[in-house]
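K.L.:
Take this structure first; my questions come after.
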Amino acid sequence: MSRLDSFIRRLVAQREILDMICRDMPLPDGVVIELGLGNGRTYDHLRERLPGRRIIAFDRALGAHKASTPEPENLVIGEIDATAKAFFGIGAALVHADIGSGYDDLDLVNLAWLPEVTVELLGPGGIAASGVRLKHPSLEPLPLPAGIAEDRYFIYRKRQ
Ligand SMILES: C[S@@+](CC[C@H](N)C(=O)[O-])C[C@H]1O[C@@H](n2cnc3c(N)ncnc32)[C@H](O)[C@@H]1O
């Protein structure tokens with residue numbers, strides 16, 4: 001599969017999953033956490049789909065489109081494994097983790113801390129959507145929307 005095909009499939013999966021979560025899954029009260037603001041496309045999508053929810057976005061550097069740049073109080077710049085610690089216990093309703101680089105060796109490094117950070121940010125019953133598999137006893141895997149290939153994206157609910 002070409003990288004273009006793979007990229008398109010990832011974005012389609014991302015949109016299907018975020019739409020399913022926002023439309024069909026009862027989210028508990030709480031903030032939304034966007035790990036990997038990037039250009040701000042999925043941040044913007046979540047903002048549109050979940051009006052009124054506070055969304056806090058994290059990235060190591062600001063590279064978002066001006067129209068998708070969060071207010072300063074909702075933007076956290078730095079390495080997520082360090083910056084997220086100040087938000088542990090915030091009781092997030094949704095954590096969306098999109099910090100993949102496309103380089104397997106770099107992405108493996110994130111796997112060392114991302115599951116635990118996600119669990120510490122989520123409140124009970126909160127949902128995580130991630131571009132990489134999150135292995136953690138507190139995260140119960142949920143089924144993907146019909147038509148989305150296994151291993152392309154992952155959804156979990158934090159056990160109560
Ligand atoms: C695939 S992009 C995110 C795309 C974004 N969701 C969008 O829709 O525009 C991944 C982002 O994660 C950020 N990132 C990756 N690892 C990180 C880390 N350990 N700490 C902070 N930011 C990280 C990168 O800087 C990059 O901007």
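The values are calculated or read from the model by the stated rules, or taken from the named source; none is laboratory data. The structure displayed is predicted, hence computed values, not measured ones. Note: ideal-geometry Cβ built from the backbone for every residue, glycine included; neighbour counts use all protein chains shown. Areas reflect the complete protein model, heavy atoms only, side chains present, ligands, DNA and RNA absent. Shrake-Rupley method; radii C 1.70, N 1.55, O 1.52, S 1.80 Å.
K.L.:
Computed FRET efficiency, Cβ-Cβ of Gln160 and Lys66, R0 35 Å: what is it to the nearest 0.05? Please list the in-between numbers first.
P.N.:
Details: r = 40 Å, r/R0 = 1.14.
Using R0 = 35 Å, I get an efficiency of 0.30.
K.L.:
Additional query: Over the chain, average the accessible area per residue using a 1.4 Å probe and give it in Å², no decimals.
P.N.:
Values: 8620 Å² over 160 residues.
Computed with neighbouring chains in place, this is 54 Å² per residue.
K.L.:
Here's a follow-up. So if I restrict to the alpha-carbon atoms in the range 21-111, what is the Rg, and what is Dmax, the biggest pairwise distance, in Å?
P.N.:
13.1, 38
K.L.:
OK, next. Using 1/(1 + (r/R0)^6) with R0 = 22 angstrom and r between the beta carbons of Leu108 and Glu79, what's the FRET efficiency to the nearest 0.05?
P.N.:
Details: r = 16 Å, r/R0 = 0.72.
The pair Leu108/Glu79 has a calculated efficiency of 0.90.
K.L.:
Ignoring ligands and nucleic acids, what accessible area does Val12 show with a 1.4 Å probe (Å², nearest 10)?
P.N.:
It works out to around 60 Å².
K.L.:
For a quick check of understanding: with a 1.4 angstrom probe and all protein chains in place, what accessible area in square angstrom does Phe7 have, to the nearest ten?
P.N.:
100
K.L.:
Heavy atoms only, 1.4 Å probe, whole protein assembly: order Met25, Met1 by accessible area, highest first. The partial results should precede the final answer.
P.N.:
On the way: Met25 35, Met1 135 Å².
Ranked from most to least accessible, the order is Met1, Met25.
K.L.:
Further question: Explain nothing, just the number: relative contact order of the chain, from Cα pairs under 8 Å at least 6 residues apart, as a whole percent.
P.N.:
Details: 274 pairs, mean separation 35.4, N = 160.
RCO, the chain: 22 percent.
K.L.:
Would you please name the GluC sites (Glu not before Pro) within the range 1-101 that are DSSP coil residues with at most 16 other C-beta atoms within 10 Å of their C-beta?
P.N.:
Numbers: sites: Glu16, Glu34, Glu48, Glu73, Glu79; in loops: Glu79.
Filter output for the range 1-101: Glu79.
K.L.:
Tell me, what does the Kirkwood hydrodynamic radius of the chain come to in angstroms if you use every pair of distinct C-alpha atoms? Intermediate results must be reported in sequence, preceding the final value.
P.N.:
Working: mean 1/r = 0.0637 Å⁻¹.
Hydrodynamic radius (Kirkwood, Cα only) of the chain equals 15.7 Å.
K.L.:
Given springs between every Cα pair under 10 Å in a Gaussian network model of the chain, which of Leu142, Leu106, Leu122 has the largest fluctuation?
P.N.:
Most flexible of the set in this elastic network: Leu106.
K.L.:
Roughly to the nearest percent, how much of the accessible area of the chain is carbon and sulfur, given a 1.4 Å probe?
P.N.:
Working: 4580 of 8620 Å².
In the chain, the share of accessible area belonging to carbon and sulfur is 53 percent.
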